[in-house]
Amino acid sequence: MPNGQEADAMRIVLLLVLFMFCDVACAMDETFSNIFLDRKSNARVSLAQGGERRLTTHGRAMRVALSGDRRTAAWLVRETWELDGQRFVSADTLMAYRGDRYRRIKCSPFIRSYWFWNGGKQLAIDCGGLHFAGTLSLYDFATGKLVDSFSEPDIPEAGRPAWSRPTDEY
């Protein structure tokens, strides 16, 4: 039988293991009540369990959104560019946060819009230039992999997959 100091040390180790497990498990079950931009243009979420979390530090977040299951937060990374003396604001990077993990989706030249699919487990983007048809792509959050993609002119609107139509989630 362990002495008093050994028993205390075992209790401390056990508590540390439990806290580490809870930290991972709690992050996986984390839900958000709100997403917003702070005054420095960083993405922040209000946690349903109370408190807040800052998701960015670069000050270039824009067009923030929460998925329907309130477990995925997403935002575009603002870029400013100049053409013929005019300044334009756009984004070629979509960032998402779910279950203590970040995902980055890039497209060129711009992400014109994005939306959630499958309760926030997948992200869809409309990628293209300022005008005309683009490419619609669906990504899996868990793996970060491209699930499906097509060029808009190749498939008539009536024949496009359900995920390719933006939802009310955004």
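Values computed for the structure shown
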quantity: Residue that is most open to solvent (accessible area, probe 1.4 Å), among those in the stretch 30-56 that are in a loop (DSSP other than H, G, I, E, B) and within 21 Å of Ile111 (Cβ to Cβ); calculated: Ser41
quantity: Number of the exception - Ala96 against (1) out of contact with any Ser or Thr (no Cβ under 8 Å at 6 or more places or on another chain); (2) among the small types (Gly, Ala, Ser); (3) surrounded by 21 or more Cβ atoms within 10 Å (Cβ to Cβ); calculated: (1)
quantity: Boolean, Ser137 is in contact with a Cys (Cβ under 7 Å, 6 or more places away or on another chain), under 27 Å from Thr31 (Cβ atoms) and of a type in the set (Ser, Thr, Tyr); calculated: yes
quantity: Of the criteria (1) aromatic (Phe, Trp, Tyr); (2) at pLDDT 95 or above; (3) open to solvent by less than 80 Å² (accessible area, probe 1.4 Å), which one Phe110 fails; calculated: (2)
quantity: The lone exception for Asn118 - which of (1) over 23 Å from Arg53 (Cβ atoms); (2) open to solvent by less than 50 Å² (accessible area, probe 1.4 Å) it fails; calculated: (2)
quantity: The lone exception for Asp126 - which of (1) under 28 Å from Arg44 (Cβ atoms); (2) exposed (fewer than 14 other Cβ atoms within 10 Å of the Cβ) it fails; calculated: (2)
quantity: Wholly within the stretch 83-170, strands (runs of 3 or more DSSP E) carrying at least 2 residues that are within 13 Å of the chain's Cα centre (by Cα) and within 20 Å of Ser67 (Cα to Cα); calculated: 93-98, 101-106, 110-117, 122-128, 135-140
quantity: All positions within the stretch 60-90 that are out of contact with any Lys or Arg (no Cβ under 6 Å at 6 or more places or on another chain), open to solvent by 70 Å² or more (accessible area, probe 1.4 Å) and under 16 Å from Asn34 (Cβ atoms); calculated: Arg63, Arg70
quantity: Pairs, first within 18 Å of Ile35 (Cα to Cα) in the stretch 91-104, second of a type in the set (A, V, I, L, M, F, W, C) and exposed (fewer than 15 other Cβ atoms within 10 Å of the Cβ), C-beta under 8 Å, six or more apart; calculated: Gly99/Ala27; Gly99/Met28; Asp100/Val24; Asp100/Ala27; Asp100/Met28
quantity: Residues of the stretch 67-82 satisfying the condition of being free of Cβ contacts under 8 Å to residues at least 60 places away in the same chain and either under 16 Å from Trp117 (Cα atoms) or part of a strand (DSSP E or B) (or both); calculated: Asp69, Arg70, Arg71, Ala73, Ala74, Trp75, Leu76, Val77, Glu79, Thr80, Trp81, Glu82
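The values are calculated or read from the model by the stated rules, or taken from the named source; none is laboratory data. Just so you know, these numbers come straight off a predicted model, no measurement behind them. Cβ: placed from backbone, ideal geometry, glycine included. Neighbour counts: every protein chain shown. Surface accessibility is based on the protein's heavy atoms, side chains included, excluding ligands, DNA and RNA. Shrake-Rupley method; radii C 1.70, N 1.55, O 1.52, S 1.80 Å.
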